[in-house]
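Step one of this worksheet: look at the structure below.
The values are calculated or read from the model by the stated rules, or taken from the named source; none is laboratory data. Remember, predicted model here, so these are calculated numbers, not experimental data. Glycine also receives a Cβ, built like all others from the backbone with ideal geometry; neighbour counts cover every protein chain displayed. Surface areas here come from the heavy atoms of the whole protein model, side chains and all, with no ligands, DNA or RNA. Shrake-Rupley method; radii C 1.70, N 1.55, O 1.52, S 1.80 Å.
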Amino acid sequence: MFLVRYAVACGALFAAILSAPLQAQQPMFTTTRVEGTDNVYIFRYQNHQSMFIVTPAGVIATDPIGLTRPQAVTTYIAEIRKITPAPIRYVIYSHQHFDHIAGGKPFKDLGATFVALRRTKERLEATKYEDVVIPDEVFDERRTLSLGGTVLELTYVGRNHSDKQHRHAAGEGEADLRRRLHSHPVGLGAAFNDAYPIEWEDSLQRVLAMDWERMIPGHPYIGRLGTKKDVEDLLAYMNDLSGEVKKAAHAGKCWDAAEKEVRLPKYASWPGYEQGIASNIRRYCGYWGRGF
């Protein structure tokens, strides 16, 4: 029996800070099997990536990543078809952000069942974005899918990059990768109001407490699979930045002055540090600067 865990709320890294973005010479898309597994794959298209699992009874795919680029979705399906003719049974949404979940109609046309958090479905029904397939099935805290000898565990770990993310993971008795994480590392240019920074730190603690070995981020900034050390480093950075921004907020410096003045020399050598710290400060100013 193969077990996969998928965290729908681990969209949790200020990822470009953790490591450099993929280089420009990368091909438009790639499909790679996760080392140590027989049936877990990563599909990357430009700066987004998804995970899919192949079983004898069908395929479990995650985010279509087709916003404004339908060719990404058809390429995704074509890449799956190179590996297996088995039907695509499920598509799992990680969270409600359109850059990850738009464009799923070609999967739906093939008969896939779409699964997401209840709050994700509620938000999508309210926004009525025409290029997003509304989930067929929902869950609140946990959900288990069994297909062709694979058990997929979906776990909500709390609000972070959005309030509608979860975690999925897979493992196999004979394969040694029984614990892995699919997460959406947070982009560095987003506004403060698309995240919940303090709860985000809590969700990272929950992720660290889980039993897993490798992380598959939703954006391939890292250029490799992540580790618990990456999450620990991220959490340390967030805790330190939160403390400094809180001081700045109490001194009346949020937002502009804080963005110019707050710096963490300890992390200055991290790739992406200078490009991302202002928007990271903005997120915490959105919390501490409003009197929380």
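At a glance:
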| read-out | value |
| --- | --- |
| Accessible area of segment 192-244 belonging to carbon and sulfur atoms, whole % at 1.4 Å probe | 46 |
| Global form of segment 203-292, assessed from the alpha-carbon gyration tensor, a/c cut-off 1.5 | prolate |
| Neighbour-limited loop hits for trypsin sites (Lys or Arg not before Pro), segment 57-147 (at most 13 other Cβ within 10 Å; DSSP other than H, G, I, E, B) | 128 |
| Note, ³J(HN,Hα) from phi for segment 32-44, Karplus 6.51, -1.76, 1.60, rounded to Hz, x at Gly and Pro | 9, 7, 5, 4, x, 10, 9, 9, 10, 10, 10, 10, 10 |
| Extension gain, residue 110 back to residue 35 (0.36 nm per residue minus Cα-Cα distance, nm) | 24.2 nm |
| Within-14-Å neighbourhood charge of residue 131 [Cβ basis; K, R +1; D, E -1] | 0 |
| Heavy atoms of residue 68 accessible to a 1.4 Å probe, total area in Å² rounded to 10 | 120 |
| Within straight-line cross-link reach of residue 128, lysines at Cα separation under 19 Å, skipping those fewer than 8 residues along the same chain | 105, 108, 164 |
| For segment 257-264, Karplus couplings with θ = phi - 60° (6.51, -1.76, 1.60), whole Hz, Gly/Pro x | 5, 4, 4, 7, 9, 6, 9, 10 |
| With all protein chains modelled, accessible area of residue 98 [1.4 Å, Å²] | 60 |
